[in-house]
Amino acid sequence: MTKSVPELVTYAVFGWVALNVVFYVSERWMVFTDIIWVLMAGLGYGWLSSLGELDLPPLVMDPKVVLFVFVPLLIFASTKKMCLFHFRPIIVPALLAGTLGIIISMCVVGLSVHCFFNVPLLPSLLFGVIISATDPLAVSALFKGNKNITENQKLLIEGESILNDGFVVTVAGILALLIFTSTSFSWLDTSASFVSHIVGALVTGIVLGRGARAILRLMHSSYYILTTNITLALAYGSFVVAETFHFSGILAVFAAALAYGYKPDEDRVNRDAEEKIWAYLDYAANALLFFLLGTSFVALTQNSTFSVLMVILAIGLLFLGRFTALSILKPFMKIEGVALSTMEFWLMNFSGARGAVSVALILLLPSSFEYQSLFLATAFVMILFSLVVYPLITAKLLKQGG
C-alpha cells in the first residue's frame with residue numbers, strides 16, 4: 001500500500017514526538033534504556049499493522065539499507081570516539097574475542113543446530129557465525145556516566161563488537177559462497193580470500209582516513225560543517241570503496257575512523273558542535289534501526305512456528321556460544337598484563353546482545369533457501385531475549401561492581 005508524501009511526513013512527525021515520549025519514560029522509569037523502549041514500540045507497531053484495522057503501513061527492514069545506510073554511520077560514530085593510543089591496551093583481547101571467539105561460538109551454535117534441528121552442517125555453521133555478531137548498542141547507554149566501569153572495559157566491549165561484526169560478515173560471505181555456488185572448498189583459496197578481505201579493508205580505511213585528515217589540513221579550517229561533511233563522506237566512502245573491491249566494509253569504516261584520529265582541536269567550539277551532530281545522528285539511526293527491528297518481527301516470522309522447545313534451545317544457544325568462547329579464551333585475554341576479573345568476564349558475556357546485523361545477513365540469503373524461515377525465527381528469539389534481558393543483567397553487574 002503506497003502512502004502519499006504528506007502522510008509519510010505525518011508519520012515522521014509522530015515518530016519524533018514519540019521519541020521524546022520514549023526518552024521521558026526511560027528517564028523516569030530506568031528499567032530499560034530508551035533504545036529498548038523504542039524496540040518495544042516497534043513490536044507494538046508491527047502487531048497493530050498486521051491487524052490491518054488501523055490502516056498502518058507495514059514497515060520491514062531492508063537488509064541492504066541496514067548494511068549500507070545504518071551500519072557505516074553507527075560503526076563510525078562508535079569508533080570516532082576512540083583514541084588509537086587508548087585502544088592499544090585492549091587490542092589483543094578484543095581481537096581474540098572478535099575472531100577466535102567468533103569461530104568457537106560458530107562451532108558451538110552450528111553443531112547444536114545441526115544436531116537439534118537436523119540442518120546440514122555448512123548451513124548450520126553459517127547460522128552459527130551470523131548469530132555470533134554482537135551489538136553493544138542496547139547496553140552502551142548503561143555505561144554513560146557510570147563510574148563502576150573503566151574506560152578500558154568500555155573500549156574492550158565496544159571495540160570487540162565492531163571487530164567481530166566485520167569478521168562475521170567476512171566469514172559468512174565465504175560460507176555463503178560455498179553453500180550457494182558451485183565453488184569447491186580449498187584451504188589455500190579460502191585462506192587467501194579471508195586474508196585479502198581483512199587486509200584490504202584495513203588498508204582502504206587507513207588510506208582514506210589519513211586522506212580525509214590531510215584534506216582538512218589543506219583547508220586550514222576546523223569549522224564544524226566542514227569536519228562533519230568530511231567525516232560523513234569518510235564513513236560511507238570507506239564502506240562503499242571496500243565493498244566495491246570485495247573487502248569488509250565494516251572493518252574499513254573502523255580503520256578509517258581510527259586513522260582519521262580523535263585529536264583535541266584548539267577550536268573547542270567547532271569540535272563540540274561536530275560531536276553533538278554526530279551524537280544526534282548516532283541516536284537517531286539507533287532509534288530508527290531498533291524500531292524497524294521491532295516492526296519487522298511480526299512480518300518476517302508470520303509463517304514461522306515458535307515451539308516451546310525451539311525457544312528454549314534458542315535462548316540456551318544464545319548464552320552457550322559466547323560463554324564457551326570467552327571461557328576458553330579468558331586465560332589469554334589480558335588488559336595491560338592483568339587477566340580479566342570475574343566481573344569483567346560476566347560483563348563481556350551479557351554485553352554481547354545480538355542485533356539487526358544478524359537479521360540483515362539472513363535476509364540477504366537467497367529467498368529459495370529452505371532454512372531461511374527457521375533461521376529468522378530462531379535469530380529473532382535470540383535477539384529479542386538478549387536486547388530485553390541482557391541489559392537488565394548488565395545493569396545489575398555494574399551495580400555489584402561498584
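Just wondering, is there one or more residues in region 358-365 that are open to solvent by less than 60 Å² (accessible area, probe 1.4 Å) and either more than 29 Å from residue 68 (Cβ to Cβ) or modelled with pLDDT under 90 (or both)? Checking region 358-365: not a single residue is open to solvent by less than 60 Å² (accessible area, probe 1.4 Å) and either more than 29 Å from residue 68 (Cβ to Cβ) or modelled with pLDDT under 90 (or both). Restricting region 296-330 to residues that are among the hydroxyl-bearing types (Ser, Thr, Tyr) and over 18 Å from the mean Cα position of the chain (by Cα), the residue that is nearest to residue 18 (Cα to Cα) is 301. Filtered by the rule that a residue be modelled with pLDDT of 90 or more and either under 17 Å from residue 211 (Cα atoms) or of a type outside the set (D, E, K, R) (or both), region 261-277 gives a lone residue, 277. For region 1-59, taking the residues that are under 21 Å from residue 394 (Cα atoms) and open to solvent by 70 Å² or more (accessible area, probe 1.4 Å), the one that is modelled with the lowest pLDDT is identified as 30. Screening residue 189 on (1) open to solvent by less than 20 Å² (accessible area, probe 1.4 Å); (2) under 26 Å from residue 366 (Cα atoms); (3) of a type in the set (D, E, K, R) shows it passes everything except condition (1). Note on region 280-331: among residues that are buried (at least 16 other Cβ atoms within 10 Å of the Cβ) and in contact with a strand residue (DSSP E or B) (Cβ under 8 Å, 6 or more places away or on another chain), the one that is farthest from residue 157 (Cα to Cα) is 318. Among the residues of region 378-385, is any closer than 27 Å to residue 15 by Cα, open to solvent by 60 Å² or more (accessible area, probe 1.4 Å) and within 22 Å of the chain's Cα centre (by Cα)? Yes, that holds for at least one residue. So is residue 338 touching a residue at least 24 places away in the same chain (Cβ under 8 Å), of a type outside the set (Gly, Ala, Ser) and open to solvent by 20 Å² or more (accessible area, probe 1.4 Å) or not? Here the answer is no, as residue 338 does not meet what is asked. Of all residues in region 186-201, those that are more than 15 Å from residue 95 (Cα to Cα) and of a type outside the set (Ser, Thr, Tyr) have Cβ atoms under 6 Å from Cβ atoms of residues that are modelled with pLDDT of 80 or more and part of a helix (DSSP H, G or I), 6 or more apart or on another chain, in 197/170; 201/242; 201/251; 201/252.
When restricted to residues that are farther than 22 Å from residue 242 by Cα and outside any loop (DSSP other than H, G, I, E, B), region 52-90 contains 6.
The values are calculated or read from the model by the stated rules, or taken from the named source; none is laboratory data. Quick caveat, the model's predicted, so the values are computed rather than measured. Virtual Cβ from ideal backbone geometry, glycine too; neighbours counted across all protein chains shown. For the accessible areas, the whole protein counts, side chains as well, though only heavy atoms, and no ligand, DNA or RNA atoms are used. Shrake-Rupley method; radii C 1.70, N 1.55, O 1.52, S 1.80 Å.
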